[in-house]
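Novice: Before anything else, here's the structure in question.
Please treat every number below as a calculation from the coordinates, not as lab data. Quantities reported herein were computed from a predicted structural model and do not represent experimental measurements. Heads up, the Cβs are rebuilt from the backbone with ideal geometry, glycines too, and the neighbour counts pull from every protein chain shown.
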Amino acid sequence: MKLISGIQPSGNITLGNYLGAIKNFVKLQDNPDVTDFLIFVADLHAITVPQDKQALRKNIRSLVATYLACGLNPEKVKIFIQSEVPAHPQLGWILQCNGYIGELERMTQYKDKKERQTQGVSVGLLTYPSLMAADILLYDADAVPVGQDQKQHLELTRTLAERFNNKYGDTFVVPEPFIPEAGAKIMSLAEPTKKMSKSDPNPKGYIALLDDINVIKKKIKSAITDSDGKIAYDPVNKPGVANLLTIMSCCSGSSISDLVEKYKDSNYANFKEDVANAVVAEIEPIQAKYNEIINSDYLDKVLDEGRDYAIYFSNRKIQKVYNKVGLGRKTK
Ligand code: TRP
């Protein structure tokens, strides 16, 4: 099974992203059914909404370093930057010419983002899913691990692939969505009924993977709990304590019920101290690895190799597509 997935380069990856998504994603590379695995930074997708130039550059590199630091292994996964592979926008254009405005206007993500746009809605925001389809179809991917929110885009990818195949003859593999098993849902430390989010205006609500270790400890110690004083897993009545138990379970590998048993006579201060230590034990090695590679030639080597593989593979596909459509002069 060949997998491909794109990740948007937004800054500040949180503990919630890590425990909820990245950890499971990294596990996929060891799945024996996975024969090829491609991951790219979707920087061309990022500019469908306004971006600060410096921040974008920084986020692209930082994202790759973070995923590597979290355990993505470049011997098993090809990692590259979308904008370094010209066939993506090339095929994106062809697919735009085979998609209908109505189809794109129906996309929920487009409708949501359009509402939030204050500086005008770019054409790219509308045509975003045809570029996403190109990302996938260039590589003959069988399956695309994405979150639930991307399922509609994947349906459109299948429609575009089938339409093209019917019109021009068999060209693309029609991919399946592949929603990886959901990881833990980590809630805000300040408002434990809301999901932990990097866009939370209150930085006490989230832990960024790259937060200073002492800041992480402080944030956990000041996490909102309740006045009941008992450590029990009850997400409805004791959401703060339940969230800390979930976090600790994910970081330590102990089950929630074992933790409840262990801390049943403990107080919140001691419990939080242990949660903080468990989180730090998980994050510290990630930070060390991140710092080691963020400015290294190693990171560039990984990205060069990924880019070369992607260019080789995708150029053959785009030539085939150009020939089928009748563009330019016939190439062999
Ligand atoms: N649209 C995806 C997101 O916002 C990112 C993405 C772009 C992607 N191209 C892709 C995901 C191709 C999977 C495959 O999360």
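Novice: Working out 0.36 nm times the residue gap between R329 and D112, then minus their Cα-Cα distance, what length gain in nm do you get to one decimal?
Specialist: Difference between extended and current length: 73.9 nm.
Novice: Could you tell me which of rounded, prolate or oblate describes the stretch 102-186, using a ≥ b ≥ c as the square roots of the eigenvalues of the alpha-carbon gyration tensor, with rounded for a/c under 1.5 and, failing that, prolate when a/b is larger than b/c and oblate otherwise?
Specialist: Taking the square roots of the gyration eigenvalues as a ≥ b ≥ c, the stretch 102-186 is oblate.
Novice: Net charge around D212, counting only other residues with Cβ within less than 13 Å of its Cβ (Lys, Arg = +1; Asp, Glu = -1)?
Specialist: +1
Novice: If we count every other residue with Cβ under 11 angstrom of Q287's Cβ, Lys/Arg +1 and Asp/Glu -1, where does the sum land?
Specialist: Local net charge: -4.
Novice: Here's a follow-up. Report the net charge of residues surrounding A69, where surrounding means a beta-carbon distance below 9 angstrom and charges are Lys +1, Arg +1, Asp -1, Glu -1.
Specialist: 0
Novice: Could you work out the per residue convex hull volume over the alpha carbons of the chain, in cubic angstrom?
Specialist: Per residue, the Cα convex hull of the chain comes to 151 Å³.
Novice: Here's a follow-up. Please work out the Cα center distance from the stretch 131-150 to the stretch 1-54, rounded to the nearest Å.
Specialist: So the separation of the two Cα centres works out to 12 Å.
Novice: Give the shape of the stretch 203-291 as rounded, prolate or oblate, defined through the alpha-carbon gyration tensor: a ≥ b ≥ c are the square roots of its eigenvalues, a/c under 1.5 means rounded, and otherwise the shape is prolate if a/b is larger than b/c and oblate if not.
Specialist: It is prolate, given that a/c is not under 1.5 and a/b is the larger ratio.
Novice: Follow-up question, since we're still on this one. Quick check: the angle from helix 53-69's long axis to the longest principal axis of the chain, C-alpha only, nearest 10 degrees?
Specialist: Once rounded, one gets 70 degrees.
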